[in-house]
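The next block holds one structure in the form of structure tokens; read it before the comments.
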Amino acid sequence: MAVNKRSPQVQNKWRKIVAIGCTHGNLVHPLVLDSVMAFSDRYQPEIRIHLGDLLETTAFRSGARGTKDESVEIAPDYAAGIDLIKRWEPTHITWGNHDVRLLELATNPSAIVSHAAGTLWNQLVATAEEVGAKTRPYDVINGWFEIGGHAWGHGYMFNVSAVRDHSEMLGRPCVMAHIHRPEMSRARTINQEPSYCVGTLANIERMHYARRRRATTQWGHGCVFGEVSEGRSRLWLASSAPGQPIRFPL
């Protein structure tokens, strides 16, 4: 009797994923952050991505010298960023523009500035290594993780069509932070999956530098979650208005 030999069916494993970003150190909104942490505890994602701007680094910003920003305390901001890494234990981190201020100032001509910035940056990286997080630099080409057919990174453009433009630049759908607007957008291509911005988990009322901009009215809190497999994603965006905890379906 002939036996039909059938090749085993290859099954791609689906893995749960959660992505947040733009927590901005001690500017993070505690109620919003707690809602995301509680959801993560219930959902138990295998992949947890922080898309950058773990810190605010106000005193280190370009142009802070001689302004009131120069006197903003460093320790509370830094401690909050470190605490978030230890509390949430991200598996992946893409550094944001606020984070890399430290790296860029590590070679500052001022010995005091370079020592402070370099020490803080090295401790930040060491904490990420302690929790086993993979990291990507703040780099428009190399600053992305490729997971489930999406590119995951902090983001670089800040215009009204930034999510769509990032996707078209990369040639694939993306999940990003940076612009503080939780949103979904599609690139102007055929049959492409949607791209997302996770918004911010920071207390928007405390981000005084943006309180006179009309675009700030679009800012809000958000989190992307779902499942990823080999080259495939099923993602959802959960969001809330400023100051409101995020309500999740689970």
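No value in this document is a laboratory result; all are computed from the given coordinates. Given the structure is predicted, the values throughout are model-derived calculations rather than measurements. Cβ coordinates were reconstructed from backbone atoms using ideal geometry, including for glycine residues, and neighbour counts include every protein chain displayed.
In debye, nearest 20, what is the charge dipole magnitude of region 165-250 about its Cα centre with +1 on Lys and Arg Cβ and -1 on Asp and Glu Cβ, if you could check? Mind showing how you got there, number by number?
On the way: 12 positive and 7 negative charges, 82 e Å.
About 400 debye.
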query = Counting pairs of alpha carbon atoms under 8 Å apart in space and at least six apart in sequence, what relative contact order in percent does the chain give?
reply = 23
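At 222 nm, what value in deg cm²/dmol follows for the chain if DSSP H runs of at least 4 each add -39500 (n - 2.57) and the sum is divided by all its residues, to the nearest 500? Walk me through the numbers on the way to the answer.
On the way: 5 runs with 63 residues, N = 250.
When only DSSP H runs of four or more count, the value is -8000 deg cm²/dmol.
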request  = Using a cut-off of under 16 Å, list every residue of region 163-185 whose amide N is near the label point 7 Å from the Cα of I141 along the Cα-to-beta-carbon line.
outcome  = 169-171
query = Of L27, L201, L120, which is the most mobile in a GNM of the chain whose springs link Cα atoms less than 10 angstrom apart?
reply = L120
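I need the calculated FRET efficiency for the pair E205 and D41, taking r as the beta carbon distance and R₀ as 30 Å, to the nearest 0.05. Walk me through the intermediate numbers first.
On the way: r = 27 Å, r/R0 = 0.90.
The computed FRET efficiency comes out at 0.65.
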request  = Could you check the simple spin-label distance between A111 and A241, using points 7 Å along Cα→Cβ, in nm with one decimal?
outcome  = 5.5
inquiry  = How big is the dipole moment of the chain about its Cα centre under a simple scheme where the beta carbon of each Lys and Arg is +1, that of each Asp and Glu is -1, and everything else is neutral? Debye, nearest 20, please.
reply    = 880
message = Translational diffusion coefficient of region 39-159 at 37 °C, 0.692 mPa s, Stokes-Einstein with Kirkwood Rh over Cα pairs, in µm²/s as a whole number.
response = 215
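Return one quarter of the surface area of the convex hull spanned by the alpha-carbon atoms of the chain, equal to its mean projected area, in nm². Mind showing how you got there, number by number?
Working: hull surface 68.5 nm².
That works out to 17.1 nm².
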inquiry  = Under a crude label model (7 Å from the Cα following the beta-carbon direction), how far is R232 from S62 in nanometres?
reply    = 4.4
message = Assuming 0.36 nm per residue, please report the length gained on full extension of the stretch Q218 to S71 beyond their Cα-Cα distance.
response = 50.0 nm
request  = Provide the descending list of Cα extents for region 121-250 along its principal axes, expressed in whole angstroms.
outcome  = 41, 41, 33
